[in-house]
1. Would you check which residues across the range B:170-181 are aliphatic (A, V, I, L, M) and within 16 Å of ligand 2 (Cβ to nearest atom) and list them?
2. Given the criterion buried (at least 17 other Cβ atoms within 10 Å of the Cβ), within 14 Å of chain B (Cβ to nearest Cβ) and modelled with pLDDT under 90, identify the matching residue among A:Arg358, A:Arg349, A:Arg303, A:Arg370.
3. Output the residues belonging to the range A:321-330 that are within 25 Å of A:Glu41 (Cα to Cα) and crowded, with 16+ Cβ neighbours inside 10 Å.
4. Give just the number: which of (1) within 14 Å of another protein chain (Cβ to nearest Cβ); (2) part of a loop (DSSP other than H, G, I, E, B) does B:Phe104 not satisfy?
5. Of the numbered conditions (1) within 30 Å of A:Phe338 (Cα to Cα); (2) away from chain A (no Cβ under 14 Å); (3) within 16 Å of ligand 2 (Cβ to nearest atom), B:Ala37 fails exactly one; give the number of that condition.
6. Any residue that is within 14 Å of chain A (Cβ to nearest Cβ) and closer than 29 Å to B:Val123 by Cα - is there at least one of those in the range B:172-189?
7. What number goes with the only condition from (1) at pLDDT 95 or above; (2) closer than 21 Å to B:Tyr51 by Cβ; (3) of a type in the set (Gly, Ala, Ser) that B:Gly189 does not pass?
8. Scan the range B:201-221 residue by residue and report those that are in contact with a His (Cβ under 8 Å, 6 or more places away or on another chain) and either closer than 12 Å to B:Glu162 by Cα or crowded, with 16+ Cβ neighbours inside 10 Å (or both).
Amino acid sequence: MTDAARASVESALELDKVDSHLHPEGSFDVADHPVPTGREEVWRFTPLRRLRDLHADADLSGTSVGAEADAPDGVRIESIDADSPLRGTSGFVPVDRVSARVWHEAARRYAVTVPRETELDAPVFIDVRGTGIEGASSTHVVITAEPHSKATVVFRFLGSATLADLTEIVVGDGAQLTVVSIDDWEDDAVHLGHRHAKVGRDATFKHVDVSFGGNVVRHDTTAEYSGPGGSVEMLGMYFADGDTDHGGQHIEHRLFVDHTAPNTRSNVVYKGALQGEGAHTVWIGNVLIRKVAEGIETYEENRNLVLTDGCQADSVPNLEIETGEIEGAGHASATGRFDDEQLFYLRSRGIEENEARRLVVHGFFNDLIRKIDVPAIEAKLTETVEAELAKNVLKALPGGDR
Amino acid sequence: MSTLEIKDLHVTVETEDGAKEILKGVTLTIKDGETHAIMGPNGSGKSTLAYSIAGHPKYTVTGGSVTLDGDDVLAMSVDERARAGLFLAMQYPVEVPGVSVANFLRTAKTAIDGEAPKLRTWVKDVNGALERLDLDSTFSQRSVNEGFSGGEKKRHEIAQLELLNPKVAVLDETDSGLDIDALKVVSEGVNRFREQEGKGVLLITHYTRILRYIEPDFVHVFVNGRIAEQGGPELADQLEAEGYDKYVKAAAV
Ligand SMILES: Nc1ncnc2c1ncn2[C@@H]1O[C@H](COP(=O)(O)OP(=O)(O)OP(=O)(O)O)[C@@H](O)[C@H]1O
Ligand SMILES: [Mg+2]
């Protein structure tokens, strides 16, 4: 999109500039984004040393990550060039060095387009598979659900990789799009991902982010609205383990919903479990309600379940409200220890300790799994959760005798 | 056969000022088919006794023994005790969010029996147990104890008693917080359990009310971590008339 076009969109939306740390000034110029030092608010939680220079100047032209699509009829998947007009249609403007670099240097660019009024009868599956951590890779994908279409796109991240990617998402007026991202990486993967969605008039966008694997995974997931009546739901589930050979897992989700239009809705629910020395999760939930955004409704929630000592869960909800004329706005954040009373109750009914732990963790995630409600992946998702629980929770735990 | 034998049991809890002794030598034997009521004032240690038998990690046994049919209960883990045939209906049942009653009951039954129950009869059994306790069948889809009223929690405990069918049941103030109709429903559940051959019951209560529906063979007055007096059902009537005052005063001397 040209600057002129952007300016006209902005004036159409009557967006006032908001002086807010939630909303850093974006730029397509890499030179405008110095290499982060770790002292910046938006980088202070991230272990930069373990990013293999993705945040700095790592060569992004690696080819060790491949993508394979399994798509039903009706959807278009194609490679696109650097000058494709599709790029930028989500309104994405890089806010950090890595996304600016991916914008310019992505080794692979492609588009997934669901034509107008098309309803896909099965999800589009895209398997992103890495074959090694040497040589960083980068990908830029633009997903477009044209007006009144209906589709689900599922990304599965597998194998070993050092990946920086950018996913632009355009949900046309009246369209219903679900995008699922399942990080099932091997223990050594590093993944910095940006996802940005523009949600049209009366459109529905659901983003499901499941992060289980990888060594460092950081996702910036952001959304804005291009018309009134749009709805965004962001659901997330993560499990950070401390006992990998590469240092504890770091899983970071930075979310930003920018209510840029009236009568829009957002609902953000992320739940995470942590276990083992060095496991670290970060959840930053930012919501900005602009002056134009009258009559909106927003709720964001993050809950963490800490299973052992030595883990850290950071959770920071932020709500900035520029208009009082809203339907409702709320947030909740809670981090709790594994509840010994629950464990005792289950065990007093004969259930063995490991099974009891599994039940409690499963229960913790259960309402979220129900909310995800993507039938085609539900079985797979439950299976992945079970495998993760089996791997982590069923491991013999200290003090597990009585 | 099922005999629960508690001998000179001493139990402490960890407090800010170190270990505090709560049970100061409790001796009590529940023989085959007997129902014993334990009555006592608030804070006398009744729940401590119940939890200690079940193996709650908060309580430390510093002396004495507990055996079930001769087997050392104190050497067993919490879940082993349940599988050995002990059941504790809790004074404050715990909420387990996201775990459905159906899943919980099936998992518990499988653990106790060592094999999964037959699907068809099991669903019928569960629905029957819920129905007898005046809980409608939608209960099985709700999360364990979450959002249950006080009375529903207690009825749910007794439904579990029926389904898991232990050898000895310890009921900790199952009557408190129940209105008269619920009290009858719960008592009938306990009586169905008792009617079976050789089942033992340790009924902990603060009030004599429930003893009108569940008649005990023995009554023990529990004061300050010890049994202060024991007798037959008539002791309950005496407590009803006179209260605990004289025992509390005697214990304070
Ligand atoms: N962590 C603790 N620190 C100090 N005192 C404790 C602790 N836990 C329990 N106690 C004390 O142990 C005593 C016995 O408690 P218990 O719950 O067994 O009594 P109870 O007879 O069941 O009372 P109620 O009729 O109220 O249920 C009480 O005086 C209680 O205050
Ligand atoms: Mg008590």
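The values are calculated or read from the model by the stated rules, or taken from the named source; none is laboratory data. It should be emphasised that the depicted structure is a prediction, and the values quoted were computed from it without experimental measurement. Don't worry about glycine lacking a Cβ; one is built from the backbone with ideal geometry, like all the others, and counts go over all protein chains shown.
1. Let us first name the residues in the range B:170-181 that are aliphatic (A, V, I, L, M), namely B:170-171, B:178, B:180.
Correct list: B:Val170, B:Leu171, B:Leu178.
2. Values: A:Arg349 fails: modelled with pLDDT under 90; A:Arg303 fails: modelled with pLDDT under 90; A:Arg370 fails: buried (at least 17 other Cβ atoms within 10 Å of the Cβ).
None of the other options fit; the residue is A:Arg358.
3. Initially, the range A:321-330 is screened for residues within 25 Å of A:Glu41 (Cα to Cα), giving A:321-322, A:329-330.
Passing the criteria: A:Ile321, A:Ala329.
4. Here B:Phe104 clears every test but (2).
5. With respect to (1) within 30 Å of A:Phe338 (Cα to Cα); (2) away from chain A (no Cβ under 14 Å); (3) within 16 Å of ligand 2 (Cβ to nearest atom), B:Ala37 is out only on (1).
6. Residues of the range B:172-189 that are within 14 Å of chain A (Cβ to nearest Cβ), as a first pass: B:172.
Restricting the remaining residues to those that are closer than 29 Å to B:Val123 by Cα gives B:172.
Scanning the range B:172-189 turns up at least one residue that is within 14 Å of chain A (Cβ to nearest Cβ) and closer than 29 Å to B:Val123 by Cα.
7. So the condition that B:Gly189 fails would be (2).
8. Pass one, the range B:201-221, residues in contact with a His (Cβ under 8 Å, 6 or more places away or on another chain): B:201-203, B:216-220.
The answer is B:Val201, B:Leu202, B:Leu203, B:Pro216, B:Phe218, B:Val219, B:His220.
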